[in-house]
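Peer 1: After the structure tokens below, expect a handful of questions from me.
Nothing in this text is a laboratory measurement; each read-out follows from the coordinates by a stated rule. Worth saying up front: this structure is predicted, and the values here are computed from it rather than measured. Every residue, glycine as well, gets a Cβ built from its backbone with ideal geometry; the counts of neighbours run over all protein chains shown.
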Amino acid sequence: MQRVFSGIQPSGVPTLGNYLGAMRNWVALQADHECLYCVVDLHAITVWQDPATLRQQTREMAAAIIACGVDPERHIVFHQSAVSAHARLAWIFNCVARLGWLNRMTQFKDKAGKDREAASAGLYVYPNLMAADVLAYHATRVPVGDDQRQHLELANDIAQKFNHDYETTFFPVIEPLIIGEAARVMSLRDGTKKMSKSDPSDQSRINLTDETDVIASKIRRARTDAEPLPSEIAGLEGRAEARNLVGIYSALSGISQAEVLAEYGGQGFAGFKDALAALTVDKLAPIAAEMRRLLADPGHIDRVLFAGAARASAIADPIVAEAQALVGFLPRPQV
């Protein structure tokens, strides 16, 4: 089976957008791939984190991954900092990657903002760590969204240059893994902005730990316009909030947006929101309940993560040791 690697930052309780855009796909990949799913706490500290909050959010993200349906017995769920191979290979890649390549990374410009001189060096070179995350396992498939394609291209550039510089074919080509049409979930308060954990308004998002009545209330209070739902997709043009709610219904139900509009087109939003609220509760309530159960025992979550890290290290350590040998580092003495 192809080996898949994917990581997610511990930046708070995941939202419906995280679930539909990534985590649900992780669950589907388990059937016919060898999967490693990582809570990337090394990436998190490229901007300052409160230590206690980082520990809590690492556990929350792990709980969410498992609650969504990833099986940590069949596959590997772990936290990045517990596997030293990531940092060891990242340093080698820091020395392989070119400054010109990193200067073209648009996400650094977005995250650093206008005061780039105040950004951490880690934020600047973190695409090299992302490359190491994947290549430390010789993973050949990575589920990606549009915002990660540039980083995947960089990872392949780094792998190709390493292979060229050291006259080897050691690192494989990584291919993007596209699973159907990506579900892009927008804010419930502004359909032009992505649903985000960092939005000041909790009403803008549905958290995976929300109680059922909170989920239903957020859906019913979601921003819409005065016109009824259209009967065809073309009628969603210029109606960001309507498009968002129809897209959420489509993603959760597994039917096309055209089919959603065939059923609800011509109706006002009240009835549609009731149906969407019921559907969302049906899909997310079991996840929320399982997350609460897991988070009630943080020791269990830690044991799952460290067990996963041991299994991840067993794969990555020999690969990174060979990369170090190719570079010219001394091998560890045999005991």
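Peer 1: I'd like the FRET efficiency for Arg303 and Ser231, computed as 1/(1 + (r/R0)^6) with the beta carbon distance as r and R0 of 45 Å, rounded to 0.05.
Peer 2: With R0 = 45 Å, the Cβ-Cβ based efficiency is 0.25.
Peer 1: Right, another one. Mind checking the full-extension length gain between Thr169 and Asp282? Use 0.36 nm per residue of separation minus the Cα-Cα distance, one decimal, nm.
Peer 2: 35.8 nm is the gain from fully extending Thr169 to Asp282.
Peer 1: Now, a different point. Relative to the longest principal axis of the C-alpha atoms of the chain, give the angle of the C-alpha long axis of helix 51-67, reported between 0 and 90° and rounded to the nearest 10°.
Peer 2: 70
Peer 1: Now for a separate question. Expressed as a whole percent, how much of the Cα-Cα distance distribution for the chain exceeds 24 Å?
Peer 2: Value for the chain (Cα pairs over 24 Å): 59 percent.
Peer 1: For an R0 of 35 angstrom, estimate the FRET efficiency from the Cβ-Cβ distance between Arg98 and Ser201 and round to the nearest 0.05.
Peer 2: 0.25
Peer 1: Helix-only mean residue ellipticity at 222 nm, the chain, DSSP H runs n ≥ 4 weighted -39,500 (n - 2.57), per residue, nearest 500. What is it?
Peer 2: For the chain, the value works out to -16000 deg cm²/dmol.
Peer 1: Quick query: amide H of Met186 versus all other amide H atoms, modeled in the peptide plane; which residues come in under 5 Å with a sequence gap of 5 or more or a different chain?
Peer 2: The answer is Met195.
Peer 1: Would you kindly state how much longer the chain becomes between Ile255 and Gln334 on full extension, computed as 0.36 nm times their sequence separation minus their alpha carbon distance, in nm to one decimal?
Peer 2: Using 0.36 nm per residue and subtracting the Cα-Cα distance, I get 22.7 nm.
Peer 1: Once you place label points 7 Å from the Cα toward the Cβ at Arg221 and Lys109, how far apart are they in nm?
Peer 2: Distance between the two pseudo-spin positions: 3.8 nm.
Peer 1: Additional query: Compute the Cα gyration tensor for segment 194-309, then decide on rounded, prolate or oblate, letting a ≥ b ≥ c be the square roots of its eigenvalues: rounded whenever a/c is under 1.5, prolate when a/b is larger than b/c in the other cases, and oblate in all that remain.
Peer 2: Because a/c hits 1.5 or more and a/b exceeds b/c, segment 194-309 counts as prolate.
Peer 1: Suppose the chain between Ala118 and Asp213 were pulled fully straight at 0.36 nm per residue; how much longer would it get relative to their current alpha carbon spacing?
Peer 2: 29.9 nm
Peer 1: With the crude spin-label approximation of a point 7 Å out along Cα→Cβ, what separation in nm comes out for Asp317 versus Asp50?
Peer 2: 3.6
Peer 1: Using Cα atoms only, what is the angle between the long axis of helix 149-165 and the major principal axis of the chain, expressed in degrees (0 to 90) to the nearest 10?
Peer 2: 10
Peer 1: Past 18 Å, Cα to Cα: identify those pairs from Lys111/Lys161; Lys218/Lys283; Lys194/Lys218; Lys218/Lys273; Lys111/Lys193, in the order given.
Peer 2: Long pairs (Cα-Cα over 18 Å): Lys111/Lys161.
Peer 1: May I ask you to list the GluC sites (Glu not before Pro) in segment 57-143 that are in a DSSP loop and have at most 11 other Cβ atoms within 10 Å of their Cβ?
Peer 2: Counting only loop positions with at most 11 other Cβ atoms within 10 Å, the GluC sites (Glu not before Pro) in segment 57-143 are Glu73.
Peer 1: Separate question: I need the calculated FRET efficiency for the pair Ala325 and Ala275, taking r as the beta carbon distance and R₀ as 56 Å, to the nearest 0.05.
Peer 2: 0.40
Peer 1: Using only the alpha-carbon atoms, how far is helix 85-96 inclined from the longest principal axis of the chain? Give it as 0 to 90 degrees, nearest 10.
Peer 2: Here the helix axis deviates by roughly 80 degrees.
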